[in-house]
């Protein structure tokens, strides 16, 4: 399936696409969601999955935070 067909399929099925790597600096500028920060979000989401599967209190979903410092604060608490 090429990209055009994939996009058409996503739109036809009303699939919601979320940018899970939309992390912003304190000044509001967006970090690119690749490399280091994509890895941070991946680790954060994996930790959250572990917490959920082991009946611990879950963390706020990464895509709802949009702030690198808040992700670090959530993990520290």
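The values are calculated or read from the model by the stated rules, or taken from the named source; none is laboratory data. Note that the structure is a prediction, hence the values are computed from the model and not measured. Ideal geometry is used to build each Cβ from the backbone, glycine not excepted, and the neighbour counts take in all protein chains shown.
As for region 32-41, it holds at least one residue that is touching a helix residue (DSSP H, G or I) at 6+ places or on another chain (Cβ under 6 Å), in a helix (DSSP H, G or I), at pLDDT below 90 and surrounded by 11 or more Cβ atoms within 10 Å (Cβ to Cβ). Of the residues making up region 54-68, those that are touching a residue at least 12 places away in the same chain (Cβ under 8 Å) and either assigned to a loop (DSSP other than H, G, I, E, B) or more than 15 Å from residue 38 (Cα to Cα) (or both) number 5.
Could you tell me which numbered condition residue 27 fails, if it satisfies all but one of (1) at pLDDT 70 or above; (2) surrounded by 10 or more Cβ atoms within 10 Å (Cβ to Cβ); (3) within 16 Å of residue 71 (Cα to Cα)? For residue 27, the failing item is (2).
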